[in-house]
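S.K.: This is the structure, below, for whatever I ask next.
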Amino acid sequence: MQYDKKFIAAAAGFLSARLGWVGWLLLLYACAMCCDFATGTVLALKQGVWASKTAREKLWKKCGALLMLLAAAFLDMTAQLLAANLPHGTLPFLPGALFLPMVAVWYLLAEIGSIMENAAAMGAPMPRFFKKSIETMQNSISVGKKETGKRRK
């Protein structure tokens, strides 16, 4: 048991040194994603409407979110490469962790909102200030409507 604690502490230290605060943000998002899936499953079981097809669709949606995070990381890396190799110009923003944190926070707030909706549907009372604060944060980083991968006909 003592070696387990040392291993966990060493792994957390390594990840903190390599990934910094963005790594912790991504870990928090991963935990929220798992919690959202678990609360959604429990709610569906409680309501007697659980279906493997629906669960699969939710998992595919979460895989899509992970791909969006990967795309945001690619954008950050591209901006860093451009900034490091532009001969006489500069970028209109500081390169680094720019897109990935914004996309991660957007998805994290969506997961938190979904967890809250699931808990409320199970009968848990939700403080109004809590709901309002999440909505305010979601609105402050979201401009316009959510875009989906669906094509227009």
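Derivation of every value follows stated rules applied to the coordinates shown; laboratory data play no part. Predicted, not measured: the structure shown is a model, and the values here were computed from it. Every residue, glycine as well, gets a Cβ built from its backbone with ideal geometry; the counts of neighbours run over all protein chains shown.
S.K.: About the Cα centre, and with charges only on the beta carbon of Lys, Arg (+1) and Asp, Glu (-1), how big is the dipole of the chain? Nearest 20 debye, please.
M.R.: Values: 18 positive and 8 negative charges, 119 e Å.
So the magnitude is around 560 debye.
S.K.: Considering the dipole of the chain built from charges on the beta carbon (Lys and Arg +1, Asp and Glu -1) around the Cα centre, which of His88, Val49, Pro125 is farthest to its positive end?
M.R.: Val49
S.K.: Divide, for segment 20-141, the radius of gyration over alpha carbons by 2.2 N^0.38 Å, where N is the residue count.
M.R.: On the way: Rg = 18.0 Å, N = 122, 2.2 N^0.38 = 13.7 Å.
For segment 20-141, the normalised Cα radius of gyration comes out at 1.32.
S.K.: Sum up the charges of everything whose Cβ sits under 13 Å from the Cβ of Gly40, counting Lys and Arg as +1 and Asp and Glu as -1, but leave Gly40 out.
M.R.: Working: positive: Lys46, Arg56, Lys58, Lys61, Lys62; negative: Asp36, Glu57, Glu111, Glu117.
Once positives and negatives cancel, what remains is +1.
S.K.: Just to verify a number: FRET efficiency for Ala71 and Gln2, C-beta to C-beta distance, R0 = 35 Å, to 0.05?
M.R.: Numbers: r = 42 Å, r/R0 = 1.19.
Calculated value: 0.25.
S.K.: Towards the positive end of the charge dipole of the chain, with charges on Cβ (+1 Lys, Arg; -1 Asp, Glu), say which of Phe7, Thr39, Leu26 has the farthest Cα.
M.R.: Result: Thr39, furthest along the dipole toward the positive end.
S.K.: Mean separation of Cα pairs under 8 Å and 6+ residues apart, divided by the residue count of the chain: what relative contact order is that in percent?
M.R.: Numbers: 79 pairs, mean separation 44.8, N = 153.
The normalised contact order for the chain reaches 29 percent.
S.K.: Pop a pseudo-label 7 angstrom from the Cα along the beta-carbon direction at both Ser133 and Leu59 and give the gap in nm to one decimal.
M.R.: For the pair Ser133/Leu59, the computed spacing is 3.4 nm.
S.K.: Can I ask one more? Is segment 19-83 best put as rounded, prolate or oblate by its Cα gyration tensor, with a ≥ b ≥ c the root eigenvalues, rounded for a/c under 1.5, and otherwise prolate when a/b is larger than b/c, oblate when not?
M.R.: Working: a/c = 6.75, a/b = 2.36, b/c = 2.86.
Oblate, since a/c reaches 1.5 and b/c is not below a/b.
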